[in-house]
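Encoded as structure tokens, the structure appears first; notes follow it.
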């Protein structure tokens with residue numbers, strides 16, 4: 001696969017995982033400063049890793065969420081949490097079980113923050129935001 005094909009595959013996959021609305025908003029923020037980074041991200045994170053056949057989507061989504069909790073990357077966590085619920089086949093119960101598991105392996109403070117962040121995301125979703 002050449003770089004153009006990888007970029008195209010990455011953009012397609014990114015849209016499948018995150019949804020068109022979020023990707024379109026992200027593209028509008030592209031500028032001279034961040035364009036190369038966004039291209040790299042699309043080609044490799046989305047076009048190389050997210051397109052691999054080794055893991056199903058639900059597993060990939062849970063891994064990303066767990067990684068975000070472990071790193072306390074709350075902006076990415078909220079983005080991927082919403083996408084997992086809306087675009088993926090991840091349930092609120094799946095999220096609860098993941099966070100209970102992470103309380104042991106990432107620490108109670110991280111899981112506590114993740115539960116709070118998830119509650120805010122779920123409330124916004126219920127309001128249609």
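Pairs meeting the criteria (first residue in region 15-26 and on the phi > 0 side of the Ramachandran plot, second residue buried (at least 17 other Cβ atoms within 10 Å of the Cβ), beta carbons under 6 Å, at least 6 apart or on different chains) are 19/87. Yes or no: residue 64 modelled with pLDDT of 95 or more, assigned by TED's automatic domain parsing to the domain that holds residue 121, surrounded by 15 or more Cβ atoms within 10 Å (Cβ to Cβ) and not in a helix (DSSP H, G or I)? No, not satisfied. Whether a residue is at pLDDT 95 or above and either part of a loop (DSSP other than H, G, I, E, B) or surrounded by fewer than 14 Cβ atoms within 10 Å (Cβ to Cβ) (or both) was assessed, and residue 119 passes this test. The condition of being closer than 26 Å to residue 7 by Cα and either more than 16 Å from the chain's Cα centre (by Cα) or in contact (Cβ under 8 Å) with a residue 12 or more places away in the chain (or both) holds for only one of 99, 55, 81, that being 81. Just one residue in the set 55, 40 is at pLDDT 95 or above and under 25 Å from residue 92 (Cα atoms); that residue is 55.
Is it the case that region 68-76 has a residue that's within 22 Å of residue 19 (Cβ to Cβ), crowded, with 18+ Cβ neighbours inside 10 Å and not assigned by TED's automatic domain parsing to the domain that holds residue 15? The answer is yes; a qualifying residue exists. Determine, yes or no, whether residue 93 is outside any helix (DSSP H, G or I) and under 30 Å from residue 128 (Cα atoms). In short, no. Could you list all residues from region 89-110 that are closer than 18 Å to residue 15 by Cα and crowded, with 19+ Cβ neighbours inside 10 Å? Of everything in region 89-110, just one residue is closer than 18 Å to residue 15 by Cα and crowded, with 19+ Cβ neighbours inside 10 Å, namely 90. Looking only at residues that are loosely packed, with under 13 Cβ neighbours inside 10 Å and either under 17 Å from the mean Cα position of the chain (by Cα) or not assigned by TED's automatic domain parsing to the domain that holds residue 2 (or both) in region 23-36, which one is farthest from residue 5 (Cα to Cα)? Applying the filter and picking the extreme gives 25.
The values are calculated or read from the model by the stated rules, or taken from the named source; none is laboratory data. As the structure is a prediction and not an experimental result, all values here were calculated from the model. In this analysis, Cβ positions are derived from the backbone assuming ideal geometry, glycine residues included, and neighbour counts consider all displayed protein chains.
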